[in-house]
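Below is one structure, written out as structure tokens; the observations come after it.
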Amino acid sequence: MKNKIYKIISIITVFALVTGCSPNSDSPSTSNTDYLEITIDGKSYKQDIFYGGTGLSGQSGCVNKPHFLQFLGQIENSAFSFDSNILHLENDVDFKNSVVGAYATKQENITNSSACNLDLVISFEDKTQSVKTTQLITGGKNTITSIKKGKSTDTEYEYIIIGNFSASFKNRANVIIPVSGKYQITIVVYK
């Protein structure tokens, strides 16, 4: 009799664990590791990001409030180099009302102040060409799918940002290079 009771309890426990821990398909899952993944010509490249919170403080943006240019990641091989950053408002009082949705992609330029909160600032080098620089074609999109508050200290809040993007670059031979990708990045804002 005790064996049957233990088996029934075991089955109920396993069932509860399996159904209670199933992922919610309505919201993106948050990984423990920040990452950048891009796809070029049908091939995907992924890099984990271990330097969260690194970037350039005191940047200007499309509104007259302090911004932070957060390093997102760089993926490079013998054929190309892709560099990405995300611009965000630097203080929580300004950032906390940020929402999921569509944002812009902007050509990387440290002095460019036309980027806005949560715009993706990107560049692409085509190493197959003698002149490696490319031009970002307008119409790219950075879609933020999740913004979740993370840890906090006495002076800072973390936010975990999940998004995906698509953009196209034109090289000097006028060849269009579509780039798409997804990412998760932890940003830090001041309280």
Worksheet item: Which of (1) closer than 28 Å to residue 153 by Cβ; (2) open to solvent by less than 40 Å² (accessible area, probe 1.4 Å) does residue 96 not meet, given it meets every other one?
Response: (2)
Worksheet entry | strands (runs of 3 or more DSSP E) wholly inside region 130-191 containing at least 2 residues that are free of Cβ contacts under 8 Å to residues at least 60 places away in the same chain | 135-152, 156-170
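Answer yes or no: is there a residue in region 126-137 that is among the β-branched types (Val, Ile, Thr), more than 17 Å from residue 73 (Cβ to Cβ) and surrounded by 16 or more Cβ atoms within 10 Å (Cβ to Cβ).
Of region 126-137, the ones among the β-branched types (Val, Ile, Thr) are 128, 131, 133-134, 137.
Restricting the remaining residues to those that are more than 17 Å from residue 73 (Cβ to Cβ) gives 128, 131, 133-134, 137.
From what's left, surrounded by 16 or more Cβ atoms within 10 Å (Cβ to Cβ): 134.
Checked region 126-137: at least one residue is among the β-branched types (Val, Ile, Thr), more than 17 Å from residue 73 (Cβ to Cβ) and surrounded by 16 or more Cβ atoms within 10 Å (Cβ to Cβ).
Among 83, 34, which is the only one that is more than 26 Å from residue 139 (Cβ to Cβ), among the charged types (D, E, K, R), open to solvent by 10 Å² or more (accessible area, probe 1.4 Å) and touching a Gly at 6+ places or on another chain (Cβ under 9 Å)? Walk me through it before giving the result.
Values: 83 fails: more than 26 Å from residue 139 (Cβ to Cβ).
After applying the criteria, what remains is 34.
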Worksheet item: Of (1) charged (D, E, K, R); (2) within 13 Å of the chain's Cα centre (by Cα); (3) open to solvent by 60 Å² or more (accessible area, probe 1.4 Å), residue 76 satisfies all except one. Which?
Response: (2)
Worksheet entry | Failed condition for residue 164, given (1) touching a Pro at 6+ places or on another chain (Cβ under 9 Å); (2) under 20 Å from residue 69 (Cα atoms); (3) polar (S, T, N, Q) | (1)
Discussion item. Being modelled with pLDDT under 95 and either surrounded by 17 or more Cβ atoms within 10 Å (Cβ to Cβ) or under 18 Å from residue 183 (Cα atoms) (or both): is that true of residue 118 here?
Written reply: no
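The values are calculated or read from the model by the stated rules, or taken from the named source; none is laboratory data. What you are looking at is a predicted structure, and each value in this text was computed from that prediction instead of being measured. Don't worry about glycine lacking a Cβ; one is built from the backbone with ideal geometry, like all the others, and counts go over all protein chains shown. Note: accessible area is taken over every heavy atom of the protein model, side chains too, but ligands, DNA and RNA are not part of it. Shrake-Rupley method; radii C 1.70, N 1.55, O 1.52, S 1.80 Å.
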